[in-house]
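Readers should treat all values here as calculations from the given coordinates under stated rules, not as data from a laboratory. Not measured: the values here are computed from a predicted model. FYI the Cβ positions are ideal-geometry reconstructions off the backbone, even for glycines, and counts take in every protein chain you see.
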């Protein structure tokens, strides 16, 4: 009997669901087959000519499901380059550096232990999205299940498999983004850095890079373990970064760096133990990169602080606002040749890394920046904290998101308005963006004041009251991607 397919697993930017309940081995195999056919159409070539990368993270279900994805691909005639257990950006690197037609990463990223899924990219490591590719895969799988199309084993099918070891090649490419000799002791001592891999893929992926630098490293939860015995793999949740904050403070460290499960995002804790907001980190990285590559274009998302655009202009670059989501960032960066892009959620994209997001490169760049500036992270952030007062992302459940968006537009009709992604309301001294969730009846608010923290709080509460009127009480909390 064919398994039931939950359409909810096909998200805006990936495929994700509960292992065993929503995604099992047969569903994974059929997704692999469907991915091959969709890639064939996108690439404009027969399936038998496709070359596709494959990787998996440390989740307990990953070996089984990765093998079933691979089986589905080779059933269709694809040549699969299997990189084994890697971080997601290593799969992107494989696709970009070998000029493959696409890639599949078996991962559930930052989600809890019970989840599994796949991140899917086409040629150039450009992500598939709900708007292009992912829903096509859903339709292919649904059609197969409706026809009860049989599955075959790998032994009697036309595709082939090649196993590849990427670690040394990837790490050499990442290290070229900095001058390793520039990461040097300050005031006679190396930077002390607390590292938290959360039992994800950062340990084997980033660890050898950091070991080559002159640093005093304190490594925590460094061994990949899909049981996540100490805390969950999403550092955006305050409970998951409590321990690294405590260690930064108790050890007198200069910096803390935490990664999510598949290690394509990194997050920073400054020397005071404060979490570094993604838009302020984007501004710092943009300024540093523009110092090496003057006059380039930088992308930032609609949720971001004005600190990003102001910093980019001051550094002689050109700032462009963009839709949220890695599929949109990667596509636009490739089209326009932008040097760098940053999202509030901790995704940082680099033109010279196939426009893909990386959790290794930002860590290296920040360490180089702290060494070259000879200043603490809190000192580098102080100008932003004194001028830009941000709310962070706040989620609210609403019964009719579209109607609420119209109500917001009418209420703030005297402001500059933009519909690039949700609705952005822009006044001279404050602004906000409200975006509907792709998968839930939620509106997501990010607001900033250039007046004071108190003004930000007043404006925030005003907008939240409008969003939440005649709707269920909202909930506040960070989200991942």
Problem set entry | Whole-Å distance, taken between Cα centres, linking region 264-284 and region 30-45 | 38
For this session: Please work out how much length the chain gains when fully extended from residue 4 to residue 176, using 0.36 nm per residue of separation minus the C-alpha to C-alpha distance, in nm with one decimal.
Result: 57.2 nm
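How many percent of DSSP beta bridges within the chain run antiparallel, rounded to 5?
Numbers: 44 of 78 bridges.
DSSP beta bridges in the chain are roughly 55 percent antiparallel.
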For this session: Could you pull the Rg and Dmax for the chain, using just the Cα atoms, both in Å?
Result: 22.3, 70
For this session: Would you mind calculating the gained length between residue 60 and residue 411 on full extension (0.36 nm times residue separation, minus the Cα-Cα distance), in nm to one decimal?
Result: 121.4 nm
Exercise. Is the shape of region 193-275 rounded, prolate or oblate, going by the alpha carbon gyration tensor and its root eigenvalues a ≥ b ≥ c, with a/c under 1.5 for rounded and a/b larger than b/c for prolate?
Worked result: oblate
Problem set entry | Inverse mean reciprocal Cα-Cα distance (Kirkwood Rh) of region 43-160, Å | 14.7
Seminar exercise, completed: So, for the Cα atoms of region 276-382, Rg and Dmax in Å stand at 12.5, 37
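So what is the calculated 222 nm ellipticity per residue for the chain, using -39500 (n - 2.57) for each DSSP H run with n of 4 or more, over all residues, to the nearest 500 deg cm²/dmol?
For the chain, the value works out to -11500 deg cm²/dmol.
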Problem set entry | For region 1-47, radius of gyration divided by Kirkwood radius, i.e. Rg to Rh on alpha-carbons | 1.03
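Could you sort the peptides 142-150, 42-50 by per-residue average Cβ neighbour count (10 Å cutoff), highest mean leading? Mind showing how you got there, number by number?
Numbers: 142-150: 11.6, 42-50: 14.7.
Output ranking for 142-150, 42-50: 42-50, 142-150.
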Exercise. How are the Cα pair distances of region 389-476 distributed, in percent, across 10 Å bins from 0?
Worked result: 18, 55, 26, 1
Seminar exercise, completed: Here D for region 22-90, in µm²/s, from Stokes-Einstein with a Kirkwood Rh over Cα pairs at 25 °C and 0.890 mPa s, works out to 202
Seminar exercise, completed: Extend 7 Å from the Cα of residue 49 along its Cα-to-C-beta direction; within region 159-194, residues with backbone N under 18 Å of that point are 159-160
Exercise. Using alpha carbon centroids, what distance separates region 292-325 and region 58-127, in Å?
Worked result: 31
Seminar exercise, completed: PRE zone check, label point 7 Å out along Cα-to-Cβ of residue 313, amide N under 17 Å, scope region 396-421, hits 416-417
